[in-house]
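Data first, discussion second: the structure below is written as structure tokens.
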Amino acid sequence: MSAIVKSLHSGQKASFETALTLGRLGSESLERLSRLNIETGCLAIEASVNEGKNMLGTKDPQELLALQSSLLEPAIAGTLAYLRSVWEIVVQSAEQASAVVEHNAGEMNRLLASTLEQTAKAAPAGSEFAVAAVKSAIDTANSAYDSFSKSTRKAVELAEANISAATKAVPQRARKVA
């Protein structure tokens, strides 16, 4: 088997391993989200039953109104806690997937560079321009990928800051409304 074919085979194997890893990470994230949804659903049912019992135990409309308004803040806090948990799972999953993809991209770049060198050595005279053009295209693609990765990280950081600010502001507004 030639060195070029071996490089291509290694690249295919690395891509397959990456796909398997990403599939496993996706399944784990889905499992975590499912577990969170089940736990949140059970807590919501339990809270609804308790709130219903408390409402049925009220003696007059003012007591019922006071009870209803006291339920607003815990409901908002529970919703925000749920949303924070979902966000954490999504961010952790994205970070893990990004790390896997970045590692694979590095491996693929090394394999591609090696294959390109081997191809250049075996190429006929005068093909240096074509090899240089391919190398330039690869460098440009890598640069674009790096810029995209940095922009994505900044967007995630900004979203995290906005979610954090929103989760702090909403309970304060709920208290004012109640």
Quiz prompt | Residue with peak Gaussian network fluctuation, the chain [Cα springs, cutoff 10 Å], from LEU65, LEU83, LEU158 | solution = LEU65
Self-check item: Whole-angstrom gap from the range 60-128 to the range 40-54, using each part's C-alpha centre
Solution: 32 Å
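Given a Förster distance of 41 Å, report the FRET efficiency between VAL91 and LYS6 from their Cβ-Cβ distance, rounded to the nearest 0.05. Don't jump to the answer; show the numbers that get you there.
Working: r = 38 Å, r/R0 = 0.93.
Efficiency, rounded to the nearest 0.05: 0.60.
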Self-check item: Set of lysines with alpha-carbon distance to LYS53 below 28 Å, sequence-local pairs under 8 removed
Solution: LYS176
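Let me have the relative contact order for the chain, percent, based on Cα pairs under 8 Å that are six or more residues apart. Mind showing how you got there, number by number?
Numbers: 61 pairs, mean separation 78.2, N = 178.
Once normalised by length, the contact order is 44 percent.
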Self-check item: Kirkwood Rh, Cα atoms: Rg over Rh of the range 64-178
Solution: 1.37
Quiz item: Say each of LYS150 and LYS168 gets a label point 7 Å from the Cα, pointing the same way as Cα to Cβ; how far apart are those two points in nm?
Solution: 2.8 nm
Practice problem: Report, in deg cm²/dmol and to the nearest 500, the calculated mean residue ellipticity at 222 nm for the chain, where each DSSP H run with n ≥ 4 adds -39500 (n - 2.57) and the sum is divided by the residue count. | Solution: -34500 deg cm²/dmol
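Bear in mind that the values in this text are calculations on the coordinates, not laboratory data. Predicted model only: the values in this text are computed from it and were never measured. For neighbour counting, all protein chains shown are included, and Cβ atoms are generated from backbone atoms with ideal geometry for every residue, glycine included.
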